[in-house]
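This report concerns only the one structure given below.
The values are calculated or read from the model by the stated rules, or taken from the named source; none is laboratory data. Since this is a predicted model, take the numbers as computed values, not measurements. No Cβ is skipped: glycine too gets one built from the backbone with ideal geometry, and neighbour counts run over all protein chains shown. Note: areas computed on protein heavy atoms with side chains; ligands, DNA, RNA excluded. Shrake-Rupley method; radii C 1.70, N 1.55, O 1.52, S 1.80 Å.
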Amino acid sequence: MTGYFITFEGPDGCGKTSQIPPLAEYLRGRGVDVLTTREPGGTEIGDQVRTIIMDLKNKGMDPRTEILLFQASRVQIVEQVIRPALLAGKVVLCDRYADSTLAYQGYGHRSDLRFLRQLLHFATGGLQPDLTLLLDLDAREGLKRRQGGNVEWNRLDDYDLEFHQRVRQGYHQLAVEDPSRWQVVDASASREALQQELRGIIMERLSLV
Ligand code: TYD
């Protein structure tokens with residue numbers, strides 16, 4: 001594959017979602033062919049699945065149902081959006097990907113990591129990011145930001161602080177296990193400082209500096 005696949009990971013409230021559009025704009029200004037997308041969702045079918053996952057009225061969702069719904073959405077985005085874009089030589093910026101399943105369902109909900117890895121392989125066909133940026137933030141701070149922001153509260157925001165702390169530790173563990181793919185950045189920095197750092201890392205990886 002000729003493109004370059006970059007994923008953004010981090011706890012809720014880490015600011016990924018507001019950092020990606022200006023990053024894409026900046027890269028386009030440098031002549032890079034960029035595609036941005038997000039999980040869960042990012043396709044017509046995936047967006048419908050996302051609605052089911054997030055809906056506050058689905059309180060009775062079994063954790064296994066949740067795991068499978070995330071993978072259903074993922075298959076669609078990999079096959080319809082990410083793989084074709086990479087084949088066309090694009091740089092893909094994806095807001096969350098398979099590592100979210102390991103961090104949230106694996107470390108957060110303590111589902112079996114080995115099984116989740118097999119499932120992820122099935123869902124992604126083995127497609128791995130070239131670079132994963134972890135926007136690292138204290139779990140308490142992340143929750144505070146989510147509560148203070150004007151984003152709609154969803155079913156997944158209802159998990160407690162300890163859950164979000166396990167998610168953060170999980171991310172750290174994943175980053176340590178694969179340092180050539182992961183880069184950890186401090187998401188408590190100002191929005192501008194964070195944007196500069198992300199630009200620097202990506203430009204270097206794309207060897208555009
Ligand atoms: P979203 O509103 O997109 O939040 P964020 O801006 O933090 O990405 O919600 C996505 C939520 O879904 C978030 O709480 C993380 C969770 N999630 C999982 O638990 N597993 C997954 O595989 C994915 C992709 C997301």
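See the values below:
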{"quantity": "Qualifying residue in region 120-127 (condition: hydrophobic (A, V, I, L, M, F, W, C), outside any helix (DSSP H, G or I) and open to solvent by less than 70 Å² (accessible area, probe 1.4 Å))", "calculated": "yes"}
{"quantity": "Check on Ser207, of a type in the set (Gly, Ala, Ser), closer than 28 Å to Arg83 by Cα and at pLDDT below 95", "calculated": "yes"}
{"quantity": "Candidate set from region 22-37 (those that are farther than 9 Å from Leu93 by Cβ and not small (Gly, Ala, Ser)); member that is least open to solvent (accessible area, probe 1.4 Å)", "calculated": "Val32"}
{"quantity": "Close pairs from region 69-91: first closer than 17 Å to Glu39 by Cα, partner open to solvent by 50 Å² or more (accessible area, probe 1.4 Å) and among the basic types (Lys, Arg), Cβ under 7 Å, at least 6 apart", "calculated": "Ser73/Arg50"}
{"quantity": "In region 128-146, the residues that are open to solvent by 30 Å² or more (accessible area, probe 1.4 Å) and part of a loop (DSSP other than H, G, I, E, B)", "calculated": "Gln128, Asp130, Asp138"}
{"quantity": "Single residue of Glu9, Glu44 found to be surrounded by fewer than 22 Cβ atoms within 10 Å (Cβ to Cβ) and of a type outside the set (Phe, Trp, Tyr)", "calculated": "Glu44"}
{"quantity": "Count of residues meeting criterion [polar (S, T, N, Q) and either surrounded by fewer than 20 Cβ atoms within 10 Å (Cβ to Cβ) or more than 13 Å from the ligand (Cβ to nearest atom) (or both)] in region 72-88", "calculated": "1"}
{"quantity": "Selected residue (only one of Leu56, Leu69 is on the phi < 0 side of the Ramachandran plot, touching a helix residue (DSSP H, G or I) at 6+ places or on another chain (Cβ under 9 Å), in a loop (DSSP other than H, G, I, E, B) and within 13 Å of the ligand (Cβ to nearest atom))", "calculated": "Leu56"}
{"quantity": "Pair list, Cβ under 9 Å, 6 or more apart: region 162-187 residue more than 17 Å from Gln105 (Cβ to Cβ) and in contact (Cβ under 8 Å) with a residue 12 or more places away in the chain, other residue open to solvent by less than 80 Å² (accessible area, probe 1.4 Å) and among the aromatic types (Phe, Trp, Tyr)", "calculated": "Ala175/Trp182; Trp182/Tyr171; Val184/Tyr171"}
{"quantity": "Unique residue being within 21 Å of Gly200 (Cβ to Cβ), within 13 Å of the ligand (Cβ to nearest atom), acidic (Asp, Glu) and within 16 Å of the chain's Cα centre (by Cα) when the list is Asp47, Asp95, Asp12", "calculated": "Asp95"}
{"quantity": "Count of residues meeting criterion [under 19 Å from Val151 (Cα atoms) and assigned to a strand (DSSP E or B)] in region 16-53", "calculated": "2"}
